[in-house]
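What follows is a single structure, written as structure tokens, with notes after it.
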Amino acid sequence: MYAQLKDFLLKKNFSLLIIYGLIASIATLQEFNGGLKRFPTQRNDHDYTYYNNYLIFKQSFFHLKNGNDLYTPYLEEHWDLYKYSPTFALFFGVFAFLPDGLGLFLWNLLNALCLFVGIRMLPKLELQQRNMILLLCLVELFTTLQNSQSNALIAGLVVMAFALMEKEKFLWGCLLIALTVYIKLFGLFAFALCLLYPQRWKMSVYSIVALIIMALLPLSVVSGSQWVASYESWWHLLRSDYIPNSLSLAGVIKIWLGVTLNQNLILLAGIGLFLLPFSRVKLYSEYNFRLSILAMILLWMVVFNHKAESPTFVIAITGIGIWNFSSRLKQSWTTAWVRLALVLTSLSPTDLFPDFIQDNYFVPWSVKAIPCILIYFMVFYELTFNLKPLSK
């Protein structure tokens, strides 16, 4: 029975596609039928839905279209602030006119399928290897879909962009990365993939043009002055939203060492570390090096994101799954670390562990983030210091 299940999950083309679709369906049903709730930080008496994030995205389109400030509270409609770009608010018009149940399902399905397609597109990996990455992502995918967030979409777009660049479809790769930037700014760092290819200057032009065009798209529904005001308001929000979450590197350092570090200094140090592996120019021609760079970028986007939260970790887990097959370290060593990440990052918040362990150890000590931080530095060290060009 075990062997048959393994063959079904790892060697069949469509088995995991069905599972990813089911996960999107289950997460949607759970959110849509969850009733009403109140958030721990709210101070009003309003009840909100379990698909609050979806409503934030949906209403942002109407706020943009009506010329309202996107980044002010709308507590009669939803809890919390909209924090994405005006361009993303425009894109969400695709879902905004649909009934909430249908729109929520299609949004979750888009996230799940984008991650699925991105990983399945990875070249030079066997089907079984790609399916193992997809399996590793399942728990984190469910977590992000339960919160109707965009993290699986981000991970899928970055991986898909890499796969397209490997096929020399550089324009499409740059367009997908530009799209991630207007969802979450940390997508900017995925443009570093362009450095790995001889056509990097052409790709730079593609990237700049794509970023400019996407920035200007909201002008299709707002005036020039409203467009400027929207981006100014977004920038003001991002500048004021600097308190790190407990699952970020800054948060983990504070919890474990009792040291509060300036987030800007951590980000600057992170950018320095991010750039170092790109000094290994002689390795650019090796596929496994490029694939490991992809894994490093996905991990970096979470480890150095001061607003990292539990649903964000589908991005990091995707990177860990890719690193498992790109690393030149012993397979038994990487597999052991992948299993550690599966247990402590993906499964630690679930009912597999009793409440007293979660409440007294996992949550206070930000255990979920630890494997991702350690694996990031392992990938960084391997890329920067440990890899030698393969002999030809």
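The values are calculated or read from the model by the stated rules, or taken from the named source; none is laboratory data. Keep in mind that this is a model prediction, so the values were computed, not measured. Because the Cβ atoms are built from the backbone with ideal geometry, glycine has one as well, and the counts that use them run over all protein chains shown. Side chains included, ligands, DNA and RNA excluded: accessible areas come from the protein's heavy atoms. Shrake-Rupley method; radii C 1.70, N 1.55, O 1.52, S 1.80 Å.
For this structure, a couple of remarks:
- Extension gain for Val205 to Trp365 (0.36 nm times residue separation, less C-alpha to C-alpha distance): 53.2 nm.
- Placed amide H near Ser150: partners under 5 Å, 5+ positions off or other chain: none
- Part-to-part distance (alpha-carbon centres) for region 171-223 and region 349-389, which is given in Å: 31 Å
- Apportionment of accessible area to carbon and sulfur, region 261-331, percent (1.4 Å): 64 percent
- Taking the convex hull of the alpha carbon positions in region 189-293 and averaging its projected area over all directions gives 9.6 nm².
- Extension gain for Ile243 to Thr384 (0.36 nm times residue separation, less C-alpha to C-alpha distance): 47.7 nm.
- With protein chains left intact and a 1.4 Å probe, residues in region 139-278 average 47 Å² of accessible area per residue.
- Comparing region 258-344 with the 2.2 N^0.38 Å rule of thumb, its C-alpha radius of gyration ratio is 1.19 (two decimals).
- Compactness of region 151-200 is given as radius of gyration and Dmax, 9.9, 30 Å, from Cα positions.
- Longest site-free stretch - the chain; sites: GluC sites (Glu not before Pro), DSSP loop, at most 13 other Cβ within 10 Å: 169-392
- Backbone HN-Hα couplings from phi across region 96-112 [Karplus 6.51/-1.76/1.60, Hz, Gly and Pro as x]: 5, 8, 7, x, 4, x, 5, x, 4, 5, 5, 5, 5, 5, 4, 4, 5
- Whole-number percent relative contact order across region 294-392, with pairs defined as alpha carbons under 8 Å at least 6 apart: 31 percent
- Set of aspartates and glutamates with alpha-carbon distance to Lys58 below 12 Å, sequence-local pairs under 8 removed: Glu77, Asp100
- Choice from Leu75, Leu157, Leu175 showing the highest fluctuation, given a GNM over the chain with Cα pairs closer than 10 Å: Leu75
- Whole-angstrom gap from region 11-61 to region 97-119, using each part's C-alpha centre: 11 Å
- If you wrap the Cα atoms of region 293-343 in a convex hull and average its projected area over all directions, you get 3.5 nm².
- Candidates Ala336, Ala210, Ala96, ranked by Gaussian network fluctuation over the chain, Cα under 10 Å, top entry: Ala336
- Of the chymotrypsin sites (Phe, Trp or Tyr not before Pro) found in region 198-264, those that fall in a DSSP loop while having at most 16 other beta-carbon atoms within 10 Å are Tyr242.
- For Cα extents along the principal axes in Å, the value calculated from this model appears in (i) 55, 52, 48; (ii) 83, 55, 36; (iii) 62, 52, 48 under label (iii).
- Full extension of the segment from Leu374 to Ile213, taken as 0.36 nm per residue of separation minus the current Cα-Cα distance, would add 54.2 nm.
- With every protein chain in place, region 142-220: carbon and sulfur % of accessible area (1.4 Å): 73 percent
- As a length-normalised measure over Cα pairs under 8 Å and 6 or more apart, the relative contact order of the chain settles at 16 percent.
- Sparsely packed loop sites in region 160-221 (the trypsin sites (Lys or Arg not before Pro) outside DSSP H, G, I, E and B with at most 14 other Cβ atoms within 10 Å) comprise Lys167, Lys169.
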